Amino acid sequence: MGKFIKQLLVFSIFAAVLYFVLLIVWGECIPAAYTKNLNYSLGAYGHMYTRTREAAKHDKVDILFIGSSHAYRGFDTRIAAAYGYTSFNLGSSAQSPIQTKLLLDEYIDQLDPKLLIYEVYPYTFTNDGVESSLDIIANDKIDRAVLQMAFKINNIKTYNSLVYGCYRAMFKRDKNFTENKVIGLDTYIPGGFVEREITYNSPVITQEKKINWKPIHYQLDAFAKIIELVKKKGIKLILVQAPVTQAEFDKYSDNNKIDSFFSEKGTYYNFNKILQLSDSADFYNEDHLNQNGVKIFNDSLFMRLLKNK
Amino acid sequence: MFFNSIDFAIFLPVVFVLYWFVTKNNLKLQNILLLVASYFFYACWDYRFLFLLIFSTLLDYFTGLKMGASEKPRSRKCWFWLSVIINLGFLGIFKYYNFFAASFAEALSLLGIKTNFWVLQVILPVGISFYTFHGLSYVIDIYKKRIIPERNFIEYSVFVSFFPLLVAGPIERATHLLPQVKQKRFFDYAKAVDGLRQILWGLFKKIVIADNCAEYANNIFNNSSAYSGSTLVLGALFFTFQIYCDFSGYSDIALGTARLFGIDLLRNFAFPYFSRDIAEFWRRWHISLSTWFRDYLYIPLGGSKGGTWMKIRNTFIIFLVSGFWHGANWTFIVWGALNALYFLPSMLLNTNRNNLGSVAAGKLLPSLKELFNMGLTFTLTVFAWIFFRAENLQHAGAYIAKICSRSLFHMPEKAAFASTQNNVGIMALLIIFFIGVEWLGREQKYAIATFGAKWPKLLRWSFYSFLVFLMCMYMSTSGSAFIYFQF
């Protein structure tokens with residue numbers, strides 16, 4: 001029995017070392033399309049690489065925007081400036097509460113906002129947070145908080161990408177990387193907003209089964225901690241649901257329940273109920289506004305802010 | 001608690017350590033631990049059905065004792081039928097009631113009679129088909145005086161509920177498992193290492209091949225009307241690999257786990273896709289169920305001893321019952337009937353025992369004839385799996401009709417493969433790797449039993465580590481239950 005346990009331990013160490021070596025070989029030599037559970041997407045998601053580097057050096061702001069792609073594609077810092085607010089947009093792709101908490105912990109003191117506008121997309125509360133974790137691992141710094149996030153998400157993709165990310169950081173494999181300001185139809189605007197070249201959505205009528213909103217427990221825990229953090233720092237908080245197309249909004253069977261959940265947490269605006277936008281003229285796809293929609297959405301938001309000042 | 005879950009990865013070492021360190025050399029304590037662990041394992045699925053398992057165990061235990069104690073044939077018969085009726089009654093209520101009610105109502109509606117049968121809103125207790133068959137084989141063997149009843153309730157309960165086989169077999173026999181449960185067990189290093197190796201291969205089959213093939217197969221079968229015949233052929237092929245790797249993967253994990261506790265379970269698979277005819281396929285696929293039906297149904301019906309019509313009747317009965325055992329759906333019955341049709345020619349021509357050994361034994365490659373026979377058998381099997389996987393007979397019919405249409409010669413649609421996170425090229429490479437390893441190990445108990453046995457230790461360990469790496473790199477993160485848990 002002793003021999004069995006000893007051999008098992010030695011094998012486990014051997015397998016772990018070989019695993020690390022193979023992971024590096026796979027990451028370095030095999031195209032990303034063929035490495036299913038290793039996804040190190042440096043500079044691939046919504047300009048997160050540029051955004052985090054800018055945030056680390058940015059001055060204090062009046063408003064900090066945070067949330068999913070609806071945030072970084074929806075809150076235009078230039079329009080905020082036109083209304084007299086300095087701002088920064090820390091939104092990122094599929095950002096779920098667990099990543100929002102991580103980014104706030106990292107950048108809130110640097111940006112020291114008076115107001116936090118948190119875009120709460122119901123889907124991100126039901127999402128495991130893997131996609132956004134990969135974005136953060138590749139495009140932000142890897143530290144203890146990222147490690148804790150990985151353990152909470154507990155997904156092999158996140159673990160593999162984290163180990164590979166550690167290797168790249170250790171050997172400074174990304175030191176020569178620069179992210180283009182313009183990627184495809186997207187242009188990064190200093191301050192974190194990403195402007196999309198204007199295109200229009202072609203609404204498709206589908207009859208999908210309605211979804212019940214069932215948030216994941218660790219996302220709810222992270223959300224509660226965000227509220228607590230903001231309160232502790234004495235920052236004003238506004239929760240916002242950014243507009244999506246009618247079909248997208250109607251996917252959930254319990255939108256009223258979602259509204260009451262968020263309104264219990266503080267000031268909350270659901271712009272799907274406030275604005276009457278066109279699914280084709282104001283969006284470029286099912287759930288993202290084009291620049292026409294952004295203008296209408298932002299004007300409505302900042303008018304409210306000014307009115308309630 | 002799935003075998004491929006974190007929960008099981010914690011549960012197994014805990015039970016293993018308690019078994020060999022705490023209850024060491026004390027058979028009674030070892031068996032009590034196995035029973036408690038098995039009931040805990042089962043309760044993790046649904047604790048409400050634990051009572052059913054315990055009731056079934058008590059029923060067979062007491063009827064067994066009563067049959068053993070009585071010399072009167074009439075009394076023995078009474079106890080025997082009591083056990084059979086109650087066991088099959090539970091199975092019938094939980095698994096087949098709704099099917100029979102719906103089919104009967106449909107038949108009456110064809111005659112213009114409208115009926116409204118009461119539909120049971122019940123969940124199928126996991127593993128019911130397996131532990132019912134365990135119990136039945138025990139009761140039948142006592143009735144036929146092949147074995148004497150087990151007096152020790154704990155030991156009998158371990159035989160019925162031993163956690164590696166509890167939810168999806170192999171379907172054990174009292175003659176094979178009970179003596180092992182009653183015997184003092186000592187730790188055997190070689191056996192434990194072999195067990196771990198078998199678990200590793202089982203996990204590879206389930207996590208890498210079955211779960212990834214499932215993503216393609218589900219997409220193609222669920223949207224079959226949108227795809228061309230060529231894509232549907234690929235869908236059937238993906239399902240063929242999914243079902244084999246899912247179920248034989250489960251069996252490998254079960255057998256390997258049991259070996260860690262010093263217990264050998266019955267072999268359930270013997271490389272069925274390398275079979276040269278359908279008779280050989282059925283000697284290699286779900287062996288514990290096939291032999292169960294052979295011993296407790298086919299032979300009592302007369303087997304192949306009677307005339308031609310009797311042989312045909314018995315063959316159809318055994319295959320139809322086998323199909324129906326899988327689930328309350330006409331698709332399973334047609335699947336069984338189709339296999340009976342495949343099987344009949346070789347049985348009537350008396351060629352069903354032509355291929356008893358392993359294909360190309362002792363050789364690296366098969367002959368052209370063997371290759372052709374394997375290809376033909378495999379094609380017939382793939383065709384039959386369409387019925388097994390389809391939602392209903394209409395679905396199967398439409399699926400096959402599409403395959404037989406001109407669209408068979410179209411290029412497969414990319415959309416069928418784009419919706420998953422897999423890369424179809426990588427998937428094809430993984431399947432080829434898997435087939436290669438299985439082919440090289442086809443004369444062993446499982447594919448990697450002696451794979452690389454003559455290699456230096458470092459190289460052999462590298463191969464095992466590579467399997468672990470492939471699992472972590474290509475495992476399906478969506479995860480899925482083992483298919484046979486639903487049966």
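Projecting the Cα positions of B:LEU33, B:ILE93, B:PHE49 onto the charge dipole of the stretch B:32-183 (unit charges on Cβ atoms of Lys, Arg, Asp and Glu, taken about the Cα centre) puts B:ILE93 furthest along the positive direction.
When the helices of the protein assembly as shown are scored as -39500 (n - 2.57) per DSSP H run of n ≥ 4 and the total is divided over every residue, the value at 222 nm lands at -18500 deg cm²/dmol. What does the C-alpha gyration tensor say about the overall shape of the stretch A:210-309? Classify as rounded when a/c is under 1.5, otherwise prolate if a/b is larger than b/c, or oblate. In terms of gyration-tensor shape, oblate.
Based on Cα contacts under 8 Å between residues 6+ apart, chain A shows a relative contact order of 22 percent. If you take all other residues with their beta carbon under 10 Å from the beta carbon of B:ARG259, and give Lys and Arg +1 and Asp and Glu -1, the sum is -1.
Of A:ASP143, A:ASP282, the sequence from fewest to most neighbouring Cβ atoms within 10 angstrom is A:ASP143, A:ASP282.
Summing Lys and Arg as +1 and Asp and Glu as -1 over all other residues whose Cβ lies under 12 Å from the Cβ of B:SER275 gives a net charge of +1. Straight-line cross-link reach from A:LYS236 at under 22 Å between alpha-carbon atoms covers these lysines, not counting any fewer than eight positions away in the same chain: A:LYS60, A:LYS101, A:LYS114, A:LYS225, A:LYS265, A:LYS307, A:LYS309.
Name the residue from A:MET1, A:ALA44, A:ALA32 whose Cα lies farthest towards the positive end of the charge dipole of chain A, charges +1 on Cβ of Lys and Arg and -1 on Cβ of Asp and Glu. Selected residue: A:MET1.
The trypsin sites (Lys or Arg not before Pro) found in the stretch A:39-88 that occupy coil by DSSP, while having at most 16 further C-beta atoms within 10 Å, are A:LYS60.
Rounded to the nearest angstrom and listed largest first, the equivalent-ellipsoid semi-axes of chain A from its Cα gyration tensor are 36, 22, 21. Share of pairwise Cα-Cα distances greater than 44 Å in the protein assembly as shown is 40 percent (whole percent). Taking A:ALA81, A:ALA94, A:ALA281 as the candidate residues, the one with maximal mean-square fluctuation in a Gaussian network model of chain A, Cα springs under 10 Å, is A:ALA81. Counting neighbouring Cβ atoms within 10 Å and putting the fewest first, the residues B:CYS213, B:CYS404, A:CYS166, A:CYS29 line up as A:CYS29, B:CYS404, A:CYS166, B:CYS213. Among the listed pairs A:LYS157/A:LYS181; B:LYS95/B:LYS311; A:LYS152/A:LYS175; B:LYS182/B:LYS457, those with a Cα-Cα distance over 32 Å are B:LYS182/B:LYS457.
When chain A is treated as a Gaussian network with alpha carbon springs shorter than 10 Å, the biggest mean-square fluctuation among A:SER278, A:SER68, A:SER87 belongs to A:SER278. Using the Cβ of B:GLY195 as centre and a radius below 12 Å, the other residues enclosed give a net charge of 0, where K and R count +1 and D and E count -1. Rank A:VAL25, A:VAL182, A:VAL244 by mean-square fluctuation in a GNM of chain A with C-alpha springs under 10 angstrom and give only the top-ranked residue. Comparing A:VAL25, A:VAL182, A:VAL244 in the GNM, the peak value goes to A:VAL25. Seen from all directions on average, the stretch A:1-139 presents a Cα convex hull projection of 11.8 nm². For the modelled label position 7 Å from the Cα of B:ARG294 along Cα-to-Cβ, which residues of the stretch B:166-199 have backbone nitrogen atoms closer than 18 Å? Zone members listed by number: B:170-177. Summarising the amide proton neighbourhood of A:THR267: residues at separation of 5 or more, or on other chains, whose placed amide H is nearer than 5 Å comprise A:LEU239.
Between helix A:144-153 and chain A there is an angle of about 90 degrees, using the helix long axis and the longest principal axis of the Cα atoms. Residue farthest toward the positive end of the dipole of chain B, with Cβ of Lys/Arg at +1 and Asp/Glu at -1: which of B:VAL468, B:GLY397, B:ASN339? Checking the options against the dipole of chain B, the answer is B:ASN339. For chain A, the longest principal axis of the C-alpha atoms and the axis of helix A:97-111 are separated by about 70°. Annotation: the residues B:LYS95, A:LYS307, sorted from fewest to most other C-beta atoms within 10 Å of their own C-beta, follow the order A:LYS307, B:LYS95.
Classify the stretch A:63-219 as rounded, prolate or oblate, taking a ≥ b ≥ c as the square roots of the eigenvalues of its Cα gyration tensor: rounded when a/c is under 1.5, otherwise prolate if a/b is larger than b/c and oblate if not. Rounded shape, in that the Cα axes give a/c under 1.5.
What is the Cα centroid distance between the stretch B:441-477 and the stretch B:128-204, reported in whole angstrom? Cα centroid of the stretch B:441-477 versus Cα centroid of the stretch B:128-204: 27 Å apart.
Note on the protein assembly as shown: with charges restricted to the Cβ of Lys and Arg (+1) and Asp and Glu (-1), its dipole about the Cα centre is near 2800 debye. Shape class for the stretch B:1-52: oblate, because the ratio a/c of the largest to smallest gyration tensor axis (alpha-carbon atoms, square roots of eigenvalues) is 1.5 or more and b/c is at least a/b.
Based on C-alpha pairs under 8 angstrom that are at least 6 apart in sequence, chain B has a relative contact order of 18 percent. Distance distribution note for chain B: the fraction of Cα pairs above 32 angstrom is 45%. Placing +1 at every Lys and Arg Cβ and -1 at every Asp and Glu Cβ, with all other atoms neutral, what dipole size does chain B have around its Cα centre, in debye to the nearest 20? Using only the charged Cβ atoms, the result is roughly 1340 debye. In this structure, the pairs whose alpha-carbon distance is over 24 Å, taken from B:LYS206/B:LYS454; A:LYS6/B:LYS191; B:LYS28/B:LYS191; A:LYS57/A:LYS295; A:LYS6/A:LYS36, are B:LYS206/B:LYS454; A:LYS57/A:LYS295; A:LYS6/A:LYS36. Exposed loop sites here are chymotrypsin sites (Phe, Trp or Tyr not before Pro) assigned a DSSP state other than H, G, I, E or B and surrounded by at most 14 other beta carbons within 10 Å; excluding them, the longest clear run of chain A is A:1-170.
Here, each number is a calculation from the coordinates, and none is a lab measurement. A quick note: this is a predicted structure, and the numbers were derived from the prediction, not measured. Heads up, the Cβs are rebuilt from the backbone with ideal geometry, glycines too, and the neighbour counts pull from every protein chain shown.
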